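Heads up, the thing below is written out as structure tokens.
The values are calculated or read from the model by the stated rules, or taken from the named source; none is laboratory data. Source: prediction; values computed, not measured. No Cβ is skipped: glycine too gets one built from the backbone with ideal geometry, and neighbour counts run over all protein chains shown. These accessible areas exclude ligands, DNA and RNA; they are computed on the full protein's heavy atoms, side chains included. Shrake-Rupley method; radii C 1.70, N 1.55, O 1.52, S 1.80 Å.
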Amino acid sequence: MKQILESGLLLLNLAACALYGIDKVKAKLHAWRIPERVLLACGLLAPVGAGLGMLLFRHKIRKPRFYLALLAGIILWLLAYCLIRGL
């Protein structure tokens, strides 16, 4: 069960990172973009992948609300970890 959960979290973070990369390419091509609310949701649900995507692709790094979403996501992950571990 633990391995399935870890694999799911890894896939979620990889998908978040990939979404930032895809949106960056689409921005350069002036193509249809991924909505900001989807990228912000990635920051909440997969803060590690979203943060890596922001840094790796230098995308959305000037917008403070994306950093706030990452911070909120990290706090949510820490709270979930504490609840699961019973701390």
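Observations, loosely collected:
- Residue check, residue 74 open to solvent by 50 Å² or more (accessible area, probe 1.4 Å), β-branched (Val, Ile, Thr) and within 13 Å of the chain's Cα centre (by Cα): yes
Matching residues to (1) more than 16 Å from residue 9 (Cβ to Cβ); (2) among the acidic types (Asp, Glu); (3) at pLDDT 95 or above:
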site: 41; (1), (2), (3): no, no, yes
site: 47; (1), (2), (3): no, no, yes
site: 51; (1), (2), (3): no, no, yes
site: 56; (1), (2), (3): yes, no, yes
site: 59; (1), (2), (3): yes, no, no
site: 69; (1), (2), (3): yes, no, yes
site: 72; (1), (2), (3): yes, no, yes
site: 85; (1), (2), (3): no, no, no
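- Beta carbons closer than 7 Å, at least 6 apart along the sequence or on distinct chains, pair a first residue in region 35-62 that is open to solvent by 20 Å² or more (accessible area, probe 1.4 Å) with a second that is of a type in the set (S, T, N, Q) and part of a helix (DSSP H, G or I) for 48/13.
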